[in-house]
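S.K.: One structure coming up, written as structure tokens, with questions to follow.
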Amino acid sequence: MTGQSAPSSHASIGDEPGRPRIGASSLRDLGSGGAPLPEIVEAPERQRPWWLHPAFIVSVVTTFLALGAAAAWWIVSMVTDDSVKVTGLTIRSEAGNIVLHWDGPDADYALYQVSAGGDVTDLSQMVRGTSAWVFSAAALYDDSSCFVVRPASRTEEVSLDAASLQAQNGAAACVADAQ
């Protein structure tokens, strides 16, 4: 060793005048004096209106998308569904009431009464599944009346013409043919 003394453990390098300072100085203790950063003042919390909340906006958008998809599906199914077809229409008289029964899938059907003069009366509210009861007490038919059953999705004019009925996937039966 050369004759230099080792620096004391409590002194920091650069405390001598004219030398750059490295490390902490004994002249100023850490944590004393002014704060190194200004105090942060918390901003008041702003309440967001309920209609601008992201969850509400997402739910409204998804609701409209679901309704649009359901409407599109319903329109497409109504326009393109030819699987609903009335077959095997039978008519019988039970205690003066007319009972109509037919074969077909589980779907909505429309029932019309056609008078001898060609007047058409919608009796669709009497349809239950693939059958309908038309009560004589309601006076909705007479001995010259006929009934047309077809899918409820059909909007063409009601006719007893065989070609029209076949094109509409419907069938007809007359009271005079009731058993």
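The values are calculated or read from the model by the stated rules, or taken from the named source; none is laboratory data. A quick note: this is a predicted structure, and the numbers were derived from the prediction, not measured. Every residue, glycine as well, gets a Cβ built from its backbone with ideal geometry; the counts of neighbours run over all protein chains shown. The accessibility values were calculated without ligands, DNA or RNA, using every heavy atom of the protein model including side chains. Shrake-Rupley method; radii C 1.70, N 1.55, O 1.52, S 1.80 Å.
S.K.: What do you get for trypsin sites (Lys or Arg not before Pro) in the range 47-140 restricted to DSSP loop and a cutoff of at most 10 other Cβ within 10 Å of the site's Cβ?
M.R.: Values: sites: LYS85, ARG92, ARG128; in loops: LYS85.
Filter output for the range 47-140: empty list.
S.K.: For the range 102-158, give the magnitude of the charge dipole about the Cα centre (Cβ charges: +1 Lys/Arg, -1 Asp/Glu; no others), in debye to the nearest 20.
M.R.: Rounded to the nearest 20 debye, it is 120 debye.
S.K.: Just subtract the alpha-carbon distance of GLN166 and VAL76 from 0.36 nm times their residue separation and send over the number in nm, one decimal.
M.R.: Gain in length upon complete extension: 30.2 nm.
S.K.: Return one whole number: the accessible area per residue of the range 37-98 in Å², for a 1.4 Å probe.
M.R.: Per-residue accessible area for the range 37-98 comes out at 87 Å².
S.K.: Now, a different point. Once neighbouring chains are kept in place and the probe is 1.4 Å, which whole percent of the accessible area of the range 112-167 is contributed by carbon and sulfur?
M.R.: The C+S portion of the solvent-accessible surface of the range 112-167 is 50 percent.
S.K.: Which residue, chosen from PRO105, VAL86, GLN47, occupies the Cα position most advanced towards the positive end of the dipole of the range 40-122, where the dipole is computed from +1 (Lys, Arg) and -1 (Asp, Glu) charges on Cβ about the Cα centre?
M.R.: Result: GLN47, furthest along the dipole toward the positive end.
S.K.: Something else about it: Tabulate in residue order the Karplus-calculated ³J(HN,Hα) for the range 166-179, using 6.51 cos²θ - 1.76 cosθ + 1.60 with θ = phi - 60°, rounded to whole Hz; enter x for Gly and Pro.
M.R.: 5, 5, 8, 6, x, 8, 9, 8, 10, 4, 4, 8, 5, 8
S.K.: For ASP177 and THR155, FRET efficiency with R0 = 41 Å and r from the beta-carbon atoms, rounded to 0.05? Walk me through the numbers before you get to the answer.
M.R.: Details: r = 27 Å, r/R0 = 0.66.
So, using R0 = 41 Å, E works out to roughly 0.95.
S.K.: Please give the contour-minus-distance gain from THR63 to TRP50: 0.36 nm per residue of separation, less the Cα-Cα distance, rounded to one decimal in nm.
M.R.: Gain on stretching THR63 to TRP50: 3.0 nm.
S.K.: Quick check: with the 1.4 Å probe, what order do TYR109, TYR141 take by accessible area, largest first?
M.R.: Greatest to least solvent exposure: TYR141, TYR109.
S.K.: Would you rank SER93, SER131 by solvent-accessible area, highest first, keeping every protein chain in place and using a 1.4 Å probe? Numbers along the way, then the final one.
M.R.: Working: SER93 55, SER131 30 Å².
Largest accessible area first, the list is SER93, SER131.
S.K.: Same structure, new question: Using each residue's phi in the range 90-98, evaluate 6.51 cos²θ - 1.76 cosθ + 1.60 at θ = phi - 60° and report the 3J(HN,Hα) Karplus result to the nearest Hz, with x for Gly and Pro.
M.R.: 10, 10, 9, 10, 10, 6, x, 8, 9
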